[in-house]
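The structure appears right after this line, and notes come after that.
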Amino acid sequence: MKNIVLTSNDYVNILPGFAYLFNKFYPNQEVTVVRYDVRPPKLPDNFKNFAIGLQSEYSWSGGLRYYLESIDDEFVLLMLEDYYLNKDVDVGIIEDLIDFMSLETHNIVKIDLTDDRSKVEHKVFTKDTIQSDINAPFLASVQAAIWRRDFLLAILNNKDNAWQFEKNKRTKKYLADHKGVILGCVNPPMSYVNAVGGEGNKPGQYDLKKFPQWMIDELKANNV
């Protein structure tokens with residue numbers, strides 16, 4: 001499984017904070033930063049770069065599709081660059097989820113790692129997971145999640161921005177046609193603050209009211 005963090009030209013400046021907190025709360029992981037033509041500031045050695053190309057030539061969905069077609073991993077853990085981790089990631093739960101997802105019995109195509117799916121229509125799936133209703137909104141939410149790469153490729157197009165993708169109708173059709181299952185966690189293994197607000201209207205600007213004071217102090221103390 002690959003750990004992927006998506007970014008764009010206007011957001012690369014917030015990657016150092018992401019990387020610092022990621023390594024603090026989810027250490028010993030290799031991460032691929034999927035970017036366009038603007039290079040990010042220097043990041044820790046476990047953060048690798050994949051340059052898609054000129055941002056002007058791709059939509060959000062088209063750029064992600066281009067990257068996914070270049071790899072052959074069965075699963076990807078997908079995050080955005082403003083997901084600033086604020087507590088330890090439960091590595092054991094994530095490993096168990098990957099094993100569970102690998103079983104062909106249930107056709108699990110996505111597992112959300114936060115409490116995102118608990119906020120919409122769902123039912124109990126196992127004692128540790130919930131199943132998102134096929135009519136629930138934002139089935140393709142890009143909150144942190146483990147995705148089957150083939151499922152993600154199947155529902156991407158070359159036109160959508162991130163917000164259009166989250167509301168796309170292709171996901172529901174895929175689930176119905178393939179009896180696919182999207183899960184959430186009873187005890188989410190990952191927690192973070194969305195460091196940038198404004199639904200894309202304030203690119204690269206921190207939404208500091210969401211930050212706990214310790215995070216502000218620590219990032220400043222470490223010059224990130």
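The values are calculated or read from the model by the stated rules, or taken from the named source; none is laboratory data. Keep in mind that this is a model prediction, so the values were computed, not measured. Positions of Cβ are generated from backbone atoms using ideal geometry, with glycine treated the same way; all protein chains shown enter the neighbour counts. These area figures cover heavy atoms from the full protein model, side chains too; ligands, DNA and RNA do not enter into them. Shrake-Rupley method; radii C 1.70, N 1.55, O 1.52, S 1.80 Å.
Quick rundown of the values:
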| quantity | calculated |
| --- | --- |
| Cβ-based net charge around Asp177, under 14 Å, with every Lys or Arg adding one and every Asp or Glu removing one | +4 |
| Per residue value of the accessible surface for region 116-224 (all protein chains in place, 1.4 Å probe), Å² | 55 |
| Share of carbon and sulfur in the accessible heavy-atom surface of the chain [1.4 Å probe, %] | 47 |
| Heavy-atom accessible area per residue - region 1-45, 1.4 Å, Å² | 42 |
| Sequence ranges 13-24, 98-109, ranked by mean other-Cβ count within 10 angstrom, highest first | 13-24, 98-109 |
| Solvent-accessible area of Leu6 with every protein chain in place, 1.4 Å probe, in Å² to the nearest 10 | 10 |
